[in-house]
Structures are given as structure tokens and as C-alpha cells.
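For reference, the structure discussed in these notes is given below.
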Amino acid sequence: MTEINPIRRELLKNALVTIADNALVMVTRTARTANVKNSMDFSSAICTAAGALAAQGMAVPVHLGVVMPALKGCMDHFGADIAEGDVLASNDPYSGCSHLNDIFTFKPIHVDGRRVAFVSLVLHHTDLGGRVAGGNAADSQEIWEEGLRIPPVKLRDAGRENAAVFGIIASNSRVPDRVIGDLRAQLAALDEAGREVEAIARRMGADAFDAYLADLIRHAEELTRGAIAALPDGSVEFEEWNDDDGAGHGPIRLHCRLTKRGDEVEVDYSGTQDDTGGAVHCNWEFAVSCTYAALRTVLPEAVPNNAGLYRPIKVIGRPGSFVSVQYPAAVGSRGQIGFRLRSIVLGALARLLPGRMPACAGGSEFAIVASGVQKTAEGASRRFLHLEFHNNTGLGGGPDADGQDAGPYCIGNLANVPVELIESENPIRVERYAFIPDSGGDGQYRGALGLRRDYRFLTDGVRVQVRSDRYTSRPWGIFGGGPGAGGRLVANPGTAREEALPSKFIRGFGAGDVLSVTMAAAGGYGPAEQRDRAAIEADIRQGKMTPAHAARVYGYRAEASDPEQAA
């Protein structure tokens, strides 16, 4: 029996996290698409030989709770037929994955013929076919409309590449060079991570490596239970409304009851309404993953991110509800409802832990895919496809500070796609990218400002698909704070052809047309009358608040000696 040395366990934990992080760095250096190399819509993990999450990289939190069910789907399918040199893959939401664009890959690691671990990478691939470019149409009704569904397969079989699977993926993509390029970047990083894990396991010995992974998970559970036990017991409820389901029905009621007893937490979504269709809802595995990510925010940073963290958390739902849809429902736009689940859990925590949690984060859960054909400098034609996610606009006001403008939050830490890159790779000009003054939820501590981004299309025949929300269900404030301003979409603003658009749509745009996107601001914290005068003046100086808004909401009047503030 292996005797566990706590110092050695800590060193192993850090080594595994570093390996997972290095895999992501390698992907950013070798991937082809902006969504991967710039937005960093990917995640990495290391699992035990039995499929339990042992370590994760600095990545998209909502991916990580799905790694284990996705790996289980592959292990259940292949059983004993998992050998050295294999790479397993799947994107099937009904085999444990989340939606079709996320391809999960798993490489078994062996030492002297014995499996000791899996390394995993998941990337959001830009286009895998379907009725609409990008595969995220909110109004799809069945999984078959959304693109290529990959059941558990082997991308490599005993080290030999499965050319047929690569061919099927390439044949089902509108931009096969970029999708296959991202997939090869994914596999290269998987190989490098696998070599590093194998080297550690070989040095330690298979038995000791197994024992330390198991103890690392046990230790995370122990720390998690201790942190939960320190929170007050109680049962609280919180509900939110999604504007619609993407297919003409709404608003959609989402409800959770959060109960904390001793060293365990239960989150119950049974009060959420039944599924109504569309593709904004999510499968159960993704709902659970979002819940884990939200609860992680109130646990100490020192708690390792592995399967042990999940064990004291019980998530309950009702099959057939909006957060537990059933086959063959489409789930391509499930990210939008994932962000709403985050807000519901954090809202419940704000009631359980008053004075510790911020108001609702901003963001319209905005995603855009713009695709078409453009002429190259040589006169040839090429397909372009711009995919971009803007799920956050910043943090809600908190107990002692304003919400961070344009900051990432909780379950989605995707990076900004630079304007210059969008314009260099697509016939699109970004004519405005700015904060929206006065939009943050009012309060003692205001919420982050909303964002506006205007896209001008420079060629005809551009097919645009948008998924967004928070038009009517604005980000909530707490303890007297006001809600953040809602989202809005407008075609050709300020012209005779100006047109208000719904939050979710698929439509064509021509050369010269503009799509103006207003993304919701974050909620405020505390009564507005308690806001510090110096904070108001700083906002006015920085252009984040107009003097008129300061006067109307906060009762602010500039001193006669300060003509700039009075302007």
C-alpha cells in the first residue's frame, strides 16, 4: 500500500495542472480559428484510469463538469476495447457531451501495458454542418438540424489515424481547412500532454500514481466539505426568466431551490417549467456542469478542481424540463441558458450569504455567426465564417466595489476577439465597440456597463445567425440596487431602413448593412442614495455616467467651481 506524502501530493497536483495548461497554450499557438486561438473556447483535463476528473487546466469552467460524462459515454461504448495509442472522441449530447460543436477527445495513457490515466481536450469547432453555419441556430427543433453528430469513435486506433472519420468531419464542414486544422492542433496538444503524464507516472510507478490520484480527489472532497460546512445552513429559492426559447415561446420560468445542510449542498431545478422547443435549452449534463461552476465561486481557491469537489454537491432536476431536455431535442444554443443557470445559482447564494455575493453579471448571452462568400485579391471566391461569443459585459456591483467593466465571470471566461482580427479575416468592418454610459445597474455600487458593437458587412449575401437574450429579463440588482440595462439589436441604425430585431434570428444582410448590438449591463448593489460622491464624479470624468443621469438617479449636483462636471 502506498503511503501518501502531502508534499508530494501537492507537487503532483501542480504538475498535472501545469500539463493541462501547457496543452492549452499549444492549442493557441497551432489552431486555425479565432474562436479557439483568440477567444480560447477550449478546455483541458486529466482523468484517472477509471474516468474520474483529477486535474483541469485554466479553461472554460462549464466544459469541465461534462468531461466525466463524455468520457463515460466513450468508455461505456468501447468497454475493454481501449488500447495504447487510441484517441477516443465524441460530440454527442446524448452520449454525455454538451452540444455538437464541442468535440471531446480522450487519450488513454499506459505504463508497461497498464492504463493509468486519460488526458482530455475539448474544443468548440467552428462549423460541423447543419442547416445554419456555425450550428448554433436558436430555433432548431431536432439534433439532426444542427450538424454532424459524432457518437463515440476512435480518431486513432492503436496509433493509426482513422482517415474515414477525418474525411466525414471535413465533408460536413463549410470551412474544412480550419476545422481539420483545429482538430489536428487538438490532437497534437493531446499527444504532448500524454507524454508528460506518462513520464510522471513512469517515474512514480503505476501503483503509486494511481494511489496519489485517488488521494488527490479525496483531499479535494475533504477541503470542499470543510468549506461548505463553514457556510450557514438554510434553504433558499431563486427564479429567473428567459425572454424566450428561440422558437416563439416565452417567457421561460427557471427556478432553483438551494439547500445547504452540514457539509453538503443540494440544488433542485424541479420547479423549472417544461421544455417548449427550440435549441436554447440544455441537456442535464450541461446543467449540472453549470451548477458546479457557479458553486465553485464560493469555495476557497485552494480547493483542487477535480471530481472530489463535485461529491458534496447534489443536483436534482426533472427530465423533460427546460434544463433537462430529452432526445432528439436540439441543444446548439445551450450556452445561453447555461449563463442563466449561473445567475440563478448565484442569486440563490446571494440570499443564503447576504453581504458576500455581487448582483447579477451583465451580458446578453450574445453569439453571432456571419457567413458567406467573398472574392479574394486574385479574383477567386472563398467561404468566410465569423463566429464570436460575447457572453459577458462585466460584473455586478458587489458588497464593497463597483462591478468590473468588461470583465469575465464565473462559467465563461472567453477572451475578446480583437477588432483587427475580425476585419482581416472577414468582409466585416467593426465601426463601434464601446461602453454604454448610464447602462450599469444603479446602486451604492453600480453594475458594469453594457457594451455596443456595430458590424458593417462589406459584401452581399451574408447569412447572419444571432443568439441573445436579456431584452426583458434584465440582469437583477440586489439589496436595493437597480437592474442593468437590457440588450437590443438594430439593423441599420440611424437610417431610413432602421429596424428593431428580435433577440434570436437568422436573416440575410447585404453590402453596406449594419448590425448594431447592445449587450445588457450588470445589476447594481445597494441603494443609489448611498453611492459615494467621489465615485459619481469619477464615472462622469471617465464618460461612464452622464451628468443628467447622475442628477436624476443619484441627486448629484456639481460644485460651481467644477464646470467640467456641470457640463
Please report the antiparallel percentage of DSSP beta bridges with both residues in the chain, rounded to the nearest 5. 95 percent
Largest-first ordering by accessible area, 1.4 Å probe, given options Ser473, Ser424, Ser235: Ser424, Ser235, Ser473
Would you work out which of Cys97, Asn35, Leu71 lies farthest towards the positive end of the dipole of the stretch 1-115? Charges go on Cβ: Lys and Arg +1, Asp and Glu -1. Asn35
How far apart, in nanometres, would the label points at Arg261 and Glu498 be if each is projected 7 angstrom from Cα along the Cα-to-Cβ direction? 5.7 nm
At 222 nm, what value in deg cm²/dmol follows for the chain if DSSP H runs of at least 4 each add -39500 (n - 2.57) and the sum is divided by all its residues, to the nearest 500? -9500 deg cm²/dmol
Give me the accessible area per residue for the chain, probe 1.4 Å, as a whole number in Å². 37 Å²
Estimated dipole of the chain in Debye, rounded to 20 [Cβ of Lys and Arg +1, of Asp and Glu -1, Cα centre]: 320 debye
The percentage of the accessible area of the chain (probe 1.4 Å, all protein chains present) made up of carbon and sulfur atoms, to the nearest whole number, is 51 percent
Positive-end residue of Gly271, Gly234, Gly494, charge dipole of the chain with Cβ unit charges: Gly494
Karplus (6.51, -1.76, 1.60) ³J(HN,Hα), θ = phi - 60°, over the stretch 415-431, in Hz, Gly and Pro reported as x: 7, 5, 8, x, 4, 4, 6, 4, 6, 6, 9, 9, x, 9, 10, 8, 8
Could you state how much accessible area Glu196 has, in square angstrom rounded to the nearest 10, with a 1.4 Å probe and all protein chains kept in place? 60 Å²
Of the residues Leu349, Phe166, Pro475, the Cα lying farthest along the dipole of the chain towards its positive end, which is defined by charges on the beta carbon of Lys, Arg, Asp and Glu, belongs to Phe166
Arrange the residues Met68, Met58 by how much accessible surface each exposes, largest first, with a 1.4 angstrom probe. Met58, Met68
Can you list residues from other chains, or at least 5 along the same chain, whose modelled amide H is less than 5 Å from the amide H of Leu501? Leu489, Val490, Ala491
Ranking by accessible area, most exposed first, for Lys154, Lys544 with a 1.4 Å probe: Lys544, Lys154
Just check the chain against the gyration tensor rule for me: Cα atoms, a ≥ b ≥ c as the square roots of the eigenvalues, rounded for a/c under 1.5, and otherwise prolate or oblate depending on whether a/b exceeds b/c. oblate
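The values are calculated or read from the model by the stated rules, or taken from the named source; none is laboratory data. Worth saying up front: this structure is predicted, and the values here are computed from it rather than measured. When we count neighbours, we look across all protein chains shown, and the Cβ atoms used for this are built from the backbone with ideal geometry, even at glycine. When the accessible area is computed, the model is the full protein with side chains, heavy atoms only, and any ligands, DNA or RNA have been set aside. Shrake-Rupley method; radii C 1.70, N 1.55, O 1.52, S 1.80 Å.
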